[in-house]
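The values are calculated or read from the model by the stated rules, or taken from the named source; none is laboratory data. Since this is a predicted model, take the numbers as computed values, not measurements. A quick note on method: Cβ atoms are made from the backbone with ideal geometry, for glycine too, and the neighbour counts reach across all protein chains shown. These area figures cover heavy atoms from the full protein model, side chains too; ligands, DNA and RNA do not enter into them. Shrake-Rupley method; radii C 1.70, N 1.55, O 1.52, S 1.80 Å.
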Amino acid sequence: MFKIIRSFYPFFLRLIINYPEKAHQFFLESLSLLNQKRHTSFGNYLLSNISNSFQYDDIRLKQNLWGLDFNIPIGLAAGFDKNGLATSIWNSFGFGFIEVGAVTFHAQDGNPKPRLFRLPSDKAILNRLGANNDGAASIAERLTIESRAQTFKVPVGINLCKSKVTPLDLAVDDYLSSFHRLESCVDYFTINVSSPNTPGLRILQEKEYLENILYRLQLENKFNKPLFIKISPDLTWESIKAIIELSKTHNLSGIVATNTTIKRENLNTITLNSTGNYVEKELGGISGKPISERSTEIIRFIYKESKGTLPIIGVGGIFNTEDAWNKISAGATLLQLYTGWIYQGPWCIPEIANGLTLQLEKHKLSHISQVIGSEIPFC
């Protein structure tokens, strides 16, 4: 069935490009409905077909990290399923873990529309959504019901962001309030201080703010949930070095590298068709191919600076096996996709996973962990 759908994917992609936010929301609502119908004959049939088409299983890709089991090292990045509408469905598409959010304590509508744009000639997305989400309480209620029903088949994390209405000097309490609401129903947390779409948020990457946030969260982390920090690709090497030291001081589980960029360098897209404005004048963060090289450079830097002691979740411009392999060999333990999954379609997950095992065979390696930080070239 999905082989037939694949032949029509270029047509679907055009719809996704022309109506990005509507197409995205329609897809999520369809998955949410499928989740509700999962115990019906049709729902079970459809989910079985999805799983058979996209899941990939090979012991050489399995890892146990932070007490969590990852079947493959490829997860869904934050920003795709902001409200956890399809959390129990994503594993059927082959993802090895899921990150929901960004989630803020206060529900918020996000920035005015239009606020999501595809840049197909760059294989990129420009977004200024502004962490639109239902708020920590509503999302916690949804995820608690799902987790009690034991429908999560893979690790589920939460990307925590500061509410737009919360001033910077109260940011710690805002993060903590969300954390307490959600800590019992998910497996890990990523502290988002790097989105360019919440005014002033990136200031929280500075030591005077970040140290207090990390200290307080770990102090109240009663369940010892793994904590990560997601950083910007636009930071200087000195700033990244300072974050590495803070991460080690406060016993973070790792760093997510990287978020979207506000830079507009070397883009093929000059203007946005939907607004008529120059891309360089449009606000928002860019994801996809334009940040692939930079995110890999940052992964390599973190791995070398931490001497491999600080696990890295690599994200940014992963479209194929070569992209994935390069990030792992640079130092990433796990990977996340969003933009690549949209442009390549859901088939890219099993194709990347299969490609990784073929690379292991070519290099006569027995497990993906042997590749992390090895600088073994893709061949």
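Compute the distance in nm between two label points, each set 7 Å from the Cα along the Cα-to-Cβ direction, one at Glu206 and one at Asn18.
Roughly 4.6 nm, to one decimal.
Considering the dipole of the chain built from charges on the beta carbon (Lys and Arg +1, Asp and Glu -1) around the Cα centre, which of His24, Leu235, Gly288 is farthest to its positive end?
Checked the options; the winner is His24.
How long is the gain from Asn49 to Ser374 if the chain were fully straight, where each residue apart is worth 0.36 nm and the alpha carbon distance is subtracted?
Values: separation 325, 0.36 × 325 = 117.00 nm, distance 3.68 nm.
Length difference between fully extended and current span is 113.3 nm.
What distance in nm separates the two pseudo spin-label positions at Ser138 and Gln150, each 7 Å out from Cα along the beta-carbon direction?
Inter-label distance under the simple model: 3.1 nm.
So how strong a dipole does segment 88-147 carry about its Cα centre when Lys and Arg Cβ are +1 and Asp and Glu Cβ are -1, to the nearest 20 debye?
Here segment 88-147 has a charge dipole of around 340 debye.
Would you compute, from DSSP H runs of 4+ residues alone, the mean residue ellipticity of the chain at 222 nm, taking -39500 (n - 2.57) per run and dividing by the full residue count, rounded to the nearest 500?
Numbers: 12 runs with 143 residues, N = 379.
Result for the chain: -11500 deg cm²/dmol, rounded to the nearest 500.
Can you give the accessible area of Ile203 in Å² (nearest 10), computed on protein heavy atoms with a 1.4 Å probe?
70 Å²
Mean separation of Cα pairs under 8 Å and 6+ residues apart, divided by the residue count of the chain: what relative contact order is that in percent? Mind showing how you got there, number by number?
On the way: 736 pairs, mean separation 59.3, N = 379.
Over the chain, the number comes to 16 percent.
If you put +1 on each Lys and Arg Cβ and -1 on each Asp and Glu Cβ, how big is the dipole of the chain around its Cα centre, in Debye rounded to 20? Kindly include the intermediate steps, with their values, before the conclusion.
On the way: 39 positive and 35 negative charges, 125 e Å.
That gives a dipole near 600 debye.
Express as a percent, rounded to the nearest 5, the fraction of DSSP beta bridges in the chain (both residues included) that run antiparallel.
35 percent
Arrange the residues Thr236, Thr190 by how much accessible surface each exposes, largest first, with a 1.4 angstrom probe.
Values: Thr236 80, Thr190 0 Å².
Order by accessible area, largest first: Thr236, Thr190.
Per 20 Å bin from zero, what fraction in whole % of the C-alpha pairs of the chain is there, up to the bin with the longest pair?
Binned Cα distances yield the sequence 30, 63, 8.
Tally up the carbon and sulfur contribution to the accessible surface of segment 1-371 as a whole percent, 1.4 Å probe, everything protein left in place. Don't skip to the end; give the middle numbers.
Details: 8190 of 15940 Å².
Of all accessible area on segment 1-371, carbon and sulfur atoms account for 51 percent.
So if each residue of separation counts as 0.36 nm, and I subtract the Cα-Cα distance between Lys304 and Tyr278, what length gain in nm does that give?
Details: separation 26, 0.36 × 26 = 9.36 nm, distance 3.81 nm.
Between Lys304 and Tyr278, full extension yields 5.5 nm more.
Pairs Lys222/Lys248; Lys263/Lys307; Lys230/Lys304; Lys164/Lys248; Lys153/Lys230; Lys123/Lys304: which are spaced more than 21 Å apart, C-alpha to C-alpha? Walk me through the intermediate numbers first.
On the way: Lys222/Lys248 19 Å; Lys263/Lys307 29 Å; Lys230/Lys304 18 Å; Lys164/Lys248 28 Å; Lys153/Lys230 24 Å; Lys123/Lys304 29 Å.
Cα-Cα > 21 Å for Lys263/Lys307; Lys164/Lys248; Lys153/Lys230; Lys123/Lys304; rest within.
Which one, Asn35, Gln108, Ile244, projects farthest toward the positive side of the charge dipole computed for segment 1-371 from Cβ point charges (K/R +1, D/E -1)?
Farthest towards the positive end: Asn35.
Quote to one decimal, in nm, the extra length available between Glu220 and Glu265 on full extension: 0.36 nm per residue of separation minus the C-alpha distance between them. Don't skip to the answer; put the middle values down first.
Details: separation 45, 0.36 × 45 = 16.20 nm, distance 4.11 nm.
Gain on extension, Glu220 to Glu265, equals 12.1 nm.
At 1.4 Å probe size, what's the solvent-accessible area of Ser287? Round to the nearest 10 Å².
Roll a 1.4 Å probe over it and Ser287 shows about 20 Å².
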